[in-house]
């Protein structure tokens, strides 16, 4: 089964939906999906990200075994920005297992506080930090301070998410 070929059958959403259904019926293909996600060109990577979104919506625990691999990929410097952005998006929407919290939080804080990163990456990282701060209340003042520190020097999208996270 060649997942990239399935990704391109029909529209973006149709291909992702079809690929998700295949992966759901043959879970071993999820590793192939991640391999494609990390090593493919931009369009295929984006289509694979849609598949990951379908998995997140249906059964996010399927992604838990891949968190260590996602952490390792986030530390590499040779990916297209979409890989980093989509990993952050996935993490922002899932319940991070306790054993991965420390490394995920370190990466999220790095992206959250770095003005050189894209706004989308910083906003997803902000959500990750906020979600984990609720589990570890001693982090809440730090997250709030970072949001307020960057408030005047960033975009409306960042401030909108910051306002939501400050509540």
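In this structure, is residue 89 surrounded by 14 or more Cβ atoms within 10 Å (Cβ to Cβ), closer than 22 Å to residue 49 by Cβ and within 18 Å of the chain's Cα centre (by Cα)? Yes; evaluated as a whole, the condition is true for this residue. Only one of the numbered conditions (1) without any contact (Cβ under 8 Å) to a residue 40 or more places away in the chain; (2) within 25 Å of residue 105 (Cβ to Cβ) is violated by residue 54, and that is (2). The residues of the range 57-70 that are part of a helix (DSSP H, G or I) and surrounded by fewer than 17 Cβ atoms within 10 Å (Cβ to Cβ), listed by number, are 57, 58, 60, 61, 62, 64, 65, 68, 69.
Looking only at residues in the range 71-81 that are touching a helix residue (DSSP H, G or I) at 6+ places or on another chain (Cβ under 8 Å) and within 26 Å of residue 22 (Cβ to Cβ), the one that is surrounded by the fewest Cβ atoms within 10 Å (Cβ to Cβ) is 80. For the condition within 12 Å of the chain's Cα centre (by Cα), over 23 Å from residue 30 (Cβ atoms) and surrounded by 13 or more Cβ atoms within 10 Å (Cβ to Cβ), residue 113 does not qualify. Give the residues of the range 144-161 that are touching a residue at least 24 places away in the same chain (Cβ under 8 Å) and in contact with a helix residue (DSSP H, G or I) (Cβ under 8 Å, 6 or more places away or on another chain), sorted by residue number. Once the filter is applied, which keeps residues that are touching a residue at least 24 places away in the same chain (Cβ under 8 Å) and in contact with a helix residue (DSSP H, G or I) (Cβ under 8 Å, 6 or more places away or on another chain), the range 144-161 yields 146, 150, 154, 155, 157, 158, 161.
Yes/no matrix, rows are residues, columns are (1) in a loop (DSSP other than H, G, I, E, B); (2) modelled with pLDDT under 95; (3) under 20 Å from residue 63 (Cβ atoms); (4) touching a helix residue (DSSP H, G or I) at 6+ places or on another chain (Cβ under 8 Å):
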{"site": "83", "(1), (2), (3), (4)": "no, yes, yes, yes"}
{"site": "88", "(1), (2), (3), (4)": "no, no, yes, yes"}
{"site": "91", "(1), (2), (3), (4)": "no, no, yes, yes"}
{"site": "99", "(1), (2), (3), (4)": "no, no, yes, no"}
{"site": "104", "(1), (2), (3), (4)": "no, no, yes, yes"}
{"site": "109", "(1), (2), (3), (4)": "no, no, no, yes"}
{"site": "115", "(1), (2), (3), (4)": "yes, yes, no, yes"}
{"site": "126", "(1), (2), (3), (4)": "no, no, no, yes"}
{"site": "138", "(1), (2), (3), (4)": "no, no, no, no"}
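Restricting attention to the range 21-56, the residues being more than 27 Å from residue 99 (Cα to Cα) and part of a helix (DSSP H, G or I) number 9.
The values are calculated or read from the model by the stated rules, or taken from the named source; none is laboratory data. Computed from a prediction, not measured in an experiment: that's the story for all the values here. In this analysis, Cβ positions are derived from the backbone assuming ideal geometry, glycine residues included, and neighbour counts consider all displayed protein chains.
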